[in-house]
Amino acid sequence: MRRVRANAILILTVAWILGTFYYLWQDSKAFSSSQLKKSASGRLEERTLPLIVTHAPNGEQAGQLLGLFDEKAFLASKQLKAGQDPYREHAFNLQESDRLGSERAIRDTRHYRCASVLFDPDLPPTSIIITFHNEARSTLLRTIKSVLTRSPAHLIQEIILVDDFSSGPEDCRLLSQIPKVRCLRNERREGLIRSRVRGASAASASILTFLDSHCEVNTDWLQPMIQRVKEDHTRVVSPIIDVISLDNFAYLAASADLRGGFDWSLHFKWEQIPIEQKMARNDPTQPIRTPVIAGGIFVMDKGWFNHLGQYDTHMDIWGGENFELSFRVWMCGGSLEILPCSRVGHVFRKRHPYDFPEGNALTYIKNTRRAAEVWMDDYKQYYYSARPSAQGKAFGSIADRLTLRRKLNCNSFRWYLENVYPELKIPEQEAPYSLLKQNSLCLESHGTDSLGLAECKSVPSIPASQKWTLIEPLIHQNDLCLAITAFTAGSKVRLDPCNSKESKQKWRPRGPALQHMISGLCLDSQPPSGPPVIAQCRPQMSSQSWEPQLIT
Ligand code: LR7
Ligand code: MN
């Protein structure tokens, strides 16, 4: 009996070992040849190992990729000095980035089904455009090398670096030694928007790919994006943007259920895909429609980029251009997508490591104001209410951009809200505040629930305790409402949390008086020192006269 069991265990063990070897052999066969298999549809299929990314899918060695460029010397001369704060210059841990070297394996963060998606064999090549201002050498080089090692070589026409007047010209000059890399250096600081336009104009491929200067592209990142743009040149596509930790440079997968959104102050945010769309998604490799893109990493047809007016080149340094581009693309006949089978890592930072000549806040206001003024029609009022400081700030002439919008015959912002971003709620019109005056005295709250009368204050020093909002049948002060305590004459009136179904809180005007709807009694300030009460209505009495005076 014992013998039989021992035999069974032996057989199972051998079978398991053989099975493991067979599995590994199969997988490495698929990967090492990394071949393109012709499929039934005539498209080519590329296979990669799940989870682990290794380099050079196109078989080239990193050494050959860099040509005459001396990587060691390039990195060594700009390393962190002992005792220096590693976060100071770049707002990420430079020491950790330098330590990592220019190449590393990262996890393939895609859904496993992405590995069997098919692409056309004749995808067109792209020009990669990377603008940088004082980028760390190790992050910039990793961006470039990851592009060269993780993209099919024939799809990379060139990498155009635009050095936005970094402190020295050396980075630009040295990096140009890498095959396929060109570097254009601005003669003065232009900001990322004009720098990208310069890079795009110099591009020789028909498809543009923009990247930030501290990215790492992941396995097969490029093909899904070029495929979508090739099928329809009006699509503007982004990858899922994975997170590279600013502290330890770990490469972390981002959620695949997010899209780009914003609030009325034009603050970008990642948000969940609406639930109906999420339910309808049965294929995790399908594109995700997005109202806006984050802005830094996207692929766009060059002809379409030019046709739509490139960028608003009167925007400075950083910020707002992603809204302007996103509104323009949607409203003028294109679309924006996030492609979950394309993954690119990006070092997200908590502050800008570089200076803004006009100041950070003013620049963001100028840029977003231009976007709002040109594209948001009357809805721009909500931008101004959400960002009152934007009013009156200079934003230059927008005549050219308005002409462009007319020429392109673009849809209205209302169309955009209805068709692209119905989830962005129009703020409720704020009801105006009023004083409730009795001669020179005003109804005032004391603390959260008691009431009294006090000298009326005037603009601009009216306290919140004297501001009332009359939205029939309720009389609000923020989320508290005037409420009776009992239905009999002489009962006190106080503040309770608003509830429009609560009969104790329902009032209506009756001449100059305020009548409680159910009891029929009126708000009365007798006795003058204590809290108001409800009393038999005698609207001609001054203790029942509450004159609402709008505060403007
Ligand atoms: O004056 C400048 N000149 C430049 O060339 C300032 C910056 N730059 C370069 C810079 O070196 C970098 O390569 O421009 C690029 C973007 O600057 P970052 O990395 O400081 O910006 P960010 O990552 O904080 O900003 C996001 O929003 C920006 C709004 O203008 C741009 O659209 C960035 O491209 C964008 N980055 C991304 O979308 C990556 C994902 C982050 C998110 C969300
Ligand atoms: Mn960035």
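The values are calculated or read from the model by the stated rules, or taken from the named source; none is laboratory data. Every value quoted in this text rests on a predicted model; they were computed, and no experiment measured them. Positions of Cβ are generated from backbone atoms using ideal geometry, with glycine treated the same way; all protein chains shown enter the neighbour counts. Heavy atoms of the whole protein, side chains included, go into the accessibility calculation; ligands, DNA and RNA do not. Shrake-Rupley method; radii C 1.70, N 1.55, O 1.52, S 1.80 Å.
Could you please let me know if ALA105 is over 28 Å from PRO357 (Cα atoms), modelled with pLDDT of 95 or more and part of a loop (DSSP other than H, G, I, E, B)? Judged against the criteria, ALA105 is a match.
Among the numbered conditions (1) away from ligand 1 (no atom under 15 Å from the Cβ); (2) under 23 Å from LEU417 (Cβ atoms); (3) surrounded by 15 or more Cβ atoms within 10 Å (Cβ to Cβ), the only one that THR285 does not meet is (2).
Would you check if there is a residue in region 528-536 being in contact with a Ser or Thr (Cβ under 7 Å, 6 or more places away or on another chain) and more than 15 Å from SER450 (Cα to Cα)? Before you say what the answer is, go through the steps one by one.
Quick first cut of region 528-536, residues in contact with a Ser or Thr (Cβ under 7 Å, 6 or more places away or on another chain) only: 531-534.
This time we only want the ones that are more than 15 Å from SER450 (Cα to Cα), so: none.
Within region 528-536, not a single residue is in contact with a Ser or Thr (Cβ under 7 Å, 6 or more places away or on another chain) and more than 15 Å from SER450 (Cα to Cα).
Within region 468-522, the set of residues being without any contact (Cβ under 8 Å) to a residue 12 or more places away in the chain and hydrophobic (A, V, I, L, M, F, W, C) comprises just one member, ALA486. Does region 261-282 contain at least one residue that is assigned to a strand (DSSP E or B), touching a residue at least 60 places away in the same chain (Cβ under 8 Å) and either of a type in the set (Val, Ile, Thr) or closer than 30 Å to GLU103 by Cα (or both)? Checking region 261-282: not a single residue is assigned to a strand (DSSP E or B), touching a residue at least 60 places away in the same chain (Cβ under 8 Å) and either of a type in the set (Val, Ile, Thr) or closer than 30 Å to GLU103 by Cα (or both).
When LYS492 is tested against (1) open to solvent by 80 Å² or more (accessible area, probe 1.4 Å); (2) under 21 Å from ILE551 (Cα atoms), only condition (2) is not met.
Being farther than 22 Å from VAL237 by Cα and either touching a strand residue (DSSP E or B) at 6+ places or on another chain (Cβ under 8 Å) or in a loop (DSSP other than H, G, I, E, B) (or both): is that true of PHE323 here? So PHE323 fails the test. Screening SER335, SER326 for residues that are within 14 Å of the chain's Cα centre (by Cα) and away from ligand 2 (no atom under 16 Å from the Cβ) leaves exactly one candidate, SER326. Restricting attention to region 197-211, the residues being open to solvent by less than 40 Å² (accessible area, probe 1.4 Å) and within 14 Å of ligand 1 (Cβ to nearest atom) number 7. For region 531-538, indicate whether the set of residues that are buried (at least 17 other Cβ atoms within 10 Å of the Cβ), in a loop (DSSP other than H, G, I, E, B) and touching a residue at least 40 places away in the same chain (Cβ under 8 Å) is non-empty. Yes, region 531-538 has at least one match.
Answer yes or no: is there a residue in region 349-364 that is crowded, with 24+ Cβ neighbours inside 10 Å, of a type in the set (D, E, K, R) and touching a Phe, Trp or Tyr at 6+ places or on another chain (Cβ under 9 Å).
First, the residues of region 349-364 that are crowded, with 24+ Cβ neighbours inside 10 Å: none.
No, region 349-364 contains no residue that is crowded, with 24+ Cβ neighbours inside 10 Å, of a type in the set (D, E, K, R) and touching a Phe, Trp or Tyr at 6+ places or on another chain (Cβ under 9 Å).
Scanning region 422-473 for residues being crowded, with 20+ Cβ neighbours inside 10 Å and within 30 Å of CYS332 (Cβ to Cβ) gives a total of 0. How about region 288-302: which of its residues are near ligand 1 (Cβ under 10 Å from one of its atoms) and outside any strand (DSSP E or B)? Matches in region 288-302: ILE293, ALA294, GLY295, GLY296, ILE297.
Would you confirm, using the coordinates I've provided, whether ARG228 is in contact with an Asp or Glu (Cβ under 7 Å, 6 or more places away or on another chain), open to solvent by 30 Å² or more (accessible area, probe 1.4 Å), modelled with pLDDT of 95 or more and away from ligand 1 (no atom under 15 Å from the Cβ)? Walk me through how you get there before you give the answer.
Details: in contact with an Asp or Glu (Cβ under 7 Å, 6 or more places away or on another chain): yes; open to solvent by 30 Å² or more (accessible area, probe 1.4 Å): yes; modelled with pLDDT of 95 or more: yes; away from ligand 1 (no atom under 15 Å from the Cβ): yes.
When the stated conditions are applied, ARG228 passes them.
Of all the residues in region 108-148, those that are assigned to a loop (DSSP other than H, G, I, E, B) and of a type outside the set (A, V, I, L, M) number 11.
Listed residues ARG235, ARG185, ARG189, ARG194; which is modelled with pLDDT of 95 or more, more than 10 Å from ligand 1 (Cβ to nearest atom) and either within 22 Å of the chain's Cα centre (by Cα) or open to solvent by less than 50 Å² (accessible area, probe 1.4 Å) (or both)? Don't jump to the end; show me each part of the working.
Working: ARG185 fails: either within 22 Å of the chain's Cα centre (by Cα) or open to solvent by less than 50 Å² (accessible area, probe 1.4 Å) (or both); ARG189 fails: more than 10 Å from ligand 1 (Cβ to nearest atom); ARG194 fails: more than 10 Å from ligand 1 (Cβ to nearest atom).
Only one candidate passes the filter, namely ARG235.
Of all residues in region 381-413, exactly one satisfies the criterion of being within 21 Å of the chain's Cα centre (by Cα) and open to solvent by 60 Å² or more (accessible area, probe 1.4 Å), namely SER385. Residues of region 297-320 that are open to solvent by less than 10 Å² (accessible area, probe 1.4 Å) and within 16 Å of ligand 2 (Cβ to nearest atom): ILE297, PHE298, GLY319, GLY320.
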